[in-house]
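*Asks:* Below is a structure I'd like to ask you about.
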Amino acid sequence: MKLDDHIDSPQFAADPFPCYAELREQDPVHWSDRQGAWVLTRYDHIRECLLDTVTFSSRGRAISNFSTRYSANENEALAPLRQQFLEGLISSDPPDHTRLKRVMMKGIRPMNDEGLGKVVHDLVQELLAKVKDRGRMDAVADFAYPLPIYVTLSILGVAQSKRDELKTACEHFLLLSAEPRPSFATAMSAQEGL
């Protein structure tokens, strides 16, 4: 079975779990040409990769093919993005990851469960109020997609007036991981978001 042959099918979109079960049974460490990556389907394999940062390093993984994908001039233009993925929290391993996370946590607004509950409640009310007069909503676009982004930005202490601007910047940055083989334009958009 090849995941790449099924991932765009309506059946997979409706219920991917039979495909995952078959992969887990027949090919638990599966190569995906489309993703340009290994797809792990068993908990023990995933756990091993996450814990063994020497063998399975996160360092530079998001930009590992930049040198062959883009020209020298394009790579030079992408220097800030490449630096982020070589030195930033997302692409670092312990002990650097631990140190960066500790520094980042100092900037996060302290919040207990009650405080977080209030933030989420207020954001839910705000999102629902935006669509109330329309009498309908797109559950994903109007609610499920923005809610976690807004919660995260609230926890980080971002002012409401800056929230949509930062959401847009995050969207540009996240495009890099949404495409298995991002174009130079996508990489530049991600850099602009960064």
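The values are calculated or read from the model by the stated rules, or taken from the named source; none is laboratory data. Note that the structure is a prediction, hence the values are computed from the model and not measured. Cβ placement follows ideal geometry from the backbone for every residue including glycine, while neighbour counts extend to all protein chains displayed. The area values use the complete protein model at the heavy-atom level, side chains included, leaving out ligands, DNA and RNA. Shrake-Rupley method; radii C 1.70, N 1.55, O 1.52, S 1.80 Å.
*Asks:* Give Gly117, Gly135 a once-over and let me know the one that is over 16 Å from Ile90 (Cβ atoms) and assigned to a helix (DSSP H, G or I).
*Replies:* Gly117
A quick yes/no check of all residues on (1) over 30 Å from Ser183 (Cβ atoms); (2) surrounded by 13 or more Cβ atoms within 10 Å (Cβ to Cβ); (3) under 22 Å from the mean Cα position of the chain (by Cα):
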site	(1), (2), (3)
Ser9	no, no, no
Ala13	no, no, yes
Tyr20	no, yes, yes
Ala37	no, yes, yes
Arg69	no, yes, yes
Arg99	yes, no, yes
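*Asks:* Looking only at residues that are closer than 26 Å to Met104 by Cα and open to solvent by 40 Å² or more (accessible area, probe 1.4 Å) in region 120-143, which one is nearest to the chain's Cα centre (by Cα)?
*Replies:* Step by step, filter region 120-143, then rank; the result is Val120.
*Asks:* Quick check on Gln125: is it part of a helix (DSSP H, G or I), on the phi < 0 side of the Ramachandran plot and either touching a residue at least 60 places away in the same chain (Cβ under 8 Å) or hydrophobic (A, V, I, L, M, F, W, C) (or both)?
*Replies:* Judged against the criteria, Gln125 is not a match.
*Asks:* What are the residues in region 22-35 that are more than 17 Å from Arg181 (Cα to Cα) and open to solvent by 40 Å² or more (accessible area, probe 1.4 Å), if any?
*Replies:* Correct list: Glu22, Arg24, Glu25, Gln26, Asp27, Val29.
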